[in-house]
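Each remark here refers to the structure printed beneath this line.
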Amino acid sequence: MGINKSRLEPIVFHTLNGILMIAIAIVTLYPFVNTLAVSFNAGNDTIRGGIYLWPRVWTDQNYRAVFAGGTIFSAFGISVARTVLGTVLSLFLTSMLAYTLSRKDYILRKPITIIVVLTMYFSAGLIPTYFLMKDLHLLNNFLVYIIPGLISAFNMIVIRTYIQTLPEGLIESAKIDGAGDFRTFISIILPLCQPVLATVALFIAVGQWNSWFDTFLYASSKQNLSTLQYELMKLLSSSMNSNSSAAVANGADLGAARNMVTPVSIRAAITIVAALPILVVYPFLQKYFVHGLQLGGVKE
Amino acid sequence: MANTPGAIPEQTTHTAVVKTPMLKRLRGQRQLMFMSLPIVAYILVFSYYPIWGWVMAFQNYSPAKSFTQQEWVGLKHFKFLLTDDAFLNVLRNTIAMSVINMVLGFATAIIFAILLNEIKHKFYKRTIQTISYLPHFLSWIIVTGIVASSLSVDGGIVNVVLMKLNIIQEPIMWLSVPEYFWGIVGASHVWKEVGWNAIIYLAAITSIDPSLYEAAEIDGANRYKKMLYVTLPGIKSIVIILLIMNMGWILEAGFEVQYLLGNGVVVDWSQTIDIFVLKYGLQIGNYSLATAAGIFKTVVSITLIFAANSISKRLGEDRLI
């Protein structure tokens, strides 16, 4: 009896554990598959319910409606622009700062490090920040997506930690060859930091792509500055209050196809459009992100 | 650029005897300063200067008046907040959702990490893990959209499954029952972050000395005893560090989920301090009160972070700051 039980136990455990893990994977993936199915299903058919894994009345009208009005198209462009510009600028400045603070003999190293690191622990809050943006004429200005978040103390620390692991001799020999600090940074440090820069770039890019709150706060009155996430947010709140005007307006110029497009189906299509870039870069993301998390963990 | 480095050493060596080493160092670090000081100026403007705005909390601030014309009211807004039912209500919601998110987040991530670690098949394990942290990279907009459609009364998967299993007879309007709101927010966090949060524990588990398991096995420990007496103690210190660190963010229950999932019916359970600040500040225009609420949050957070830091120091764990 006892022997029997101890032989059976691993099988029972591994079977149950395996099933649980598969269940977790299904719970994680199902919503995406379902959203994809709804986004390709005719809106007036989706209302009848019963769409799970596959569209019943196949259509691409939802996607046509999403891109027809021009609103979503422009929002897509703004999202791409802020992601690219914001990532490149932020990465360059953050790593430049990280380089200077990795120089052990730099006399301002201590005070500047304190000034930067302290920003991780406090924030002035929503209202004072809002007034600052207003005073700097950043309200309803594309630059509000780029400028306020340029330097993150956390990213700076991650890059600095990496630079400090590089052999000191490389920098010394560059100095002997007559390169100034800026030259050294551009031609020695940046190329050597590629792995950590890739990690941090992905951190920043995902943050940029996913953010909507700055649009909501600082640029909501300017339609041509709207982002994909913000359009999705507007749709979400309008369909939750079962007021479909925004979504229907998008599909309005599709004439006959109009009733094939409902707020629910439009929302599904935009969700897919907004999630797609993330899903596409996900294989890279997961490689570098996990790496980056460990890099960050090493310091603290 | 190529010529100047050659020219400068000549000058400096000539005067080096007169100049203090300090000045010489300063000279050699001109480029470092050019590279860092503009960024420092930027940080001072964007992160430090706005703190000046805190004076609004001690005034009856009106944007139309100049600084000297503002009416000073001392701690009036703070006193009002701490006796105001609406604020105490959002404070309660904030703390409750923070605690729920924290407890659920820790428990699920640790359990998931331990169970995933039991999977011996490498490829299978990697696949599950890769899938599990996919939602982490999606925005809260997308996640709340998914949550809302999963919970919907017409065809939402949660209601469908529960009805198929005969657990409920009628679809439940999950998002319209105030008492469910905290739980839904907690579950949404778990769905989005469990895989991501587990990464750090999985790393900690793999660094546990395998001989400890072998010793336990010789002592007759079964699988569950090994989890309890080897694995858990092995990740104890990282759990404690993270727990303490998270205590500092107890007033950071978030804004996005509550704002996006909340609606008129559940408002007494859904609003957090951040939403309060947004409502009073930018929608009602009571800048002073909103700033006071923001200060309250920041001051409590900083106090907790430093307290957490000193607790972890006393416990002999790594310092956090």
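The values are calculated or read from the model by the stated rules, or taken from the named source; none is laboratory data. Being a predicted model, the structure only gives us computed values, none of them experimental. Don't worry about glycine lacking a Cβ; one is built from the backbone with ideal geometry, like all the others, and counts go over all protein chains shown.
Quick one: in region B:52-94, of everything that is among the polar types (S, T, N, Q) and either at pLDDT 95 or above or part of a helix (DSSP H, G or I) (or both), which residue is nearest to B:L251 (Cα to Cα)?
Within region B:52-94, the match that is nearest to B:L251 (Cα to Cα) is B:T94.
What number of residues in region B:129-139 are facing chain A (nearest Cβ under 8 Å), assigned to a helix (DSSP H, G or I) and in contact (Cβ under 8 Å) with a residue 60 or more places away in the chain?
The number of residues fulfilling the criteria is 3.
Say we look at region A:104-128 and pick out the residues that are touching a residue at least 12 places away in the same chain (Cβ under 8 Å) and not aliphatic (A, V, I, L, M); which of these is farthest from the other protein chains (Cβ to nearest Cβ)?
A:T113
Does A:Y106 count as buried (at least 19 other Cβ atoms within 10 Å of the Cβ), at pLDDT below 95 and not in a helix (DSSP H, G or I)?
yes
Only one of (1) assigned to a helix (DSSP H, G or I); (2) modelled with pLDDT of 90 or more fails for B:R126. Which number is that?
All conditions are met except number (2).
Of all residues in region B:257-278 being surrounded by fewer than 17 Cβ atoms within 10 Å (Cβ to Cβ) and within 12 Å of chain A (Cβ to nearest Cβ), which is modelled with the highest pLDDT?
Result: B:V265.
Any residue in region B:98-108 that is surrounded by fewer than 22 Cβ atoms within 10 Å (Cβ to Cβ) and touching a Phe, Trp or Tyr at 6+ places or on another chain (Cβ under 6 Å)?
Taking every residue of region B:98-108 in turn, at least one turns out to be surrounded by fewer than 22 Cβ atoms within 10 Å (Cβ to Cβ) and touching a Phe, Trp or Tyr at 6+ places or on another chain (Cβ under 6 Å).
Residues that are at pLDDT below 60: find the helices (runs of 4 or more DSSP H) completely inside region A:226-300 holding 2 or more of those.
A:245-251, A:263-299
Looking at (1) over 30 Å from A:I127 (Cβ atoms); (2) in contact with a Leu (Cβ under 6 Å, 6 or more places away or on another chain); (3) not hydrophobic (A, V, I, L, M, F, W, C), which is the only condition A:Y218 fails?
If we test A:Y218 against (1) over 30 Å from A:I127 (Cβ atoms); (2) in contact with a Leu (Cβ under 6 Å, 6 or more places away or on another chain); (3) not hydrophobic (A, V, I, L, M, F, W, C), just (1) comes out false.
Against the conditions (1) under 26 Å from A:A275 (Cα atoms); (2) surrounded by fewer than 18 Cβ atoms within 10 Å (Cβ to Cβ), where does A:T215 fall short? Just the number, please.
Tallying (1) under 26 Å from A:A275 (Cα atoms); (2) surrounded by fewer than 18 Cβ atoms within 10 Å (Cβ to Cβ), A:T215 fails exactly one: (2).
From the list B:L289, B:L282, B:L228, B:L242, pick out the single residue that is part of a helix (DSSP H, G or I), within 8 Å of chain A (Cβ to nearest Cβ) and either out of contact with any strand residue (DSSP E or B) (no Cβ under 9 Å at 6 or more places or on another chain) or within 24 Å of B:H77 (Cα to Cα) (or both).
Checking each option against the conditions leaves just B:L282.
Give region B:279-296 a look and list any residue that's more than 17 Å from B:Y61 (Cα to Cα) and either crowded, with 22+ Cβ neighbours inside 10 Å or among the polar types (S, T, N, Q) (or both), or say none.
none
Exactly one of these conditions fails for A:S123: (1) in a helix (DSSP H, G or I); (2) among the small types (G, A, S); (3) farther than 21 Å from A:S226 by Cβ. Give me its number.
(1)
Among the residues of region B:147-202, which ones are part of a helix (DSSP H, G or I), more than 29 Å from the chain's Cα centre (by Cα), within 12 Å of another protein chain (Cβ to nearest Cβ) and surrounded by 15 or more Cβ atoms within 10 Å (Cβ to Cβ)?
B:I157, B:N159, B:V160
So is A:A174 crowded, with 16+ Cβ neighbours inside 10 Å and free of Cβ contacts under 8 Å to residues at least 24 places away in the same chain or not?
Yes, satisfied.
Can you name the number of the only condition in (1) within 18 Å of the chain's Cα centre (by Cα); (2) within 10 Å of chain B (Cβ to nearest Cβ) that A:Q208 fails?
That leaves (2) as the condition not met.
What number of residues within region A:166-209 are part of a helix (DSSP H, G or I), farther than 24 Å from A:A274 by Cα and not acidic (D, E)?
Summing the residues that are part of a helix (DSSP H, G or I), farther than 24 Å from A:A274 by Cα and not acidic (D, E) in region A:166-209 gives 22.
Among A:S79, A:S95, which is the only one that is crowded, with 20+ Cβ neighbours inside 10 Å and under 28 Å from A:V264 (Cβ atoms)?
Exactly one residue qualifies, and that residue is A:S79.
Looking only at region B:207-231, how many residues end up being without any contact (Cβ under 8 Å) to a residue 60 or more places away in the chain and either closer than 17 Å to B:G262 by Cβ or under 29 Å from the mean Cα position of the chain (by Cα) (or both)?
3
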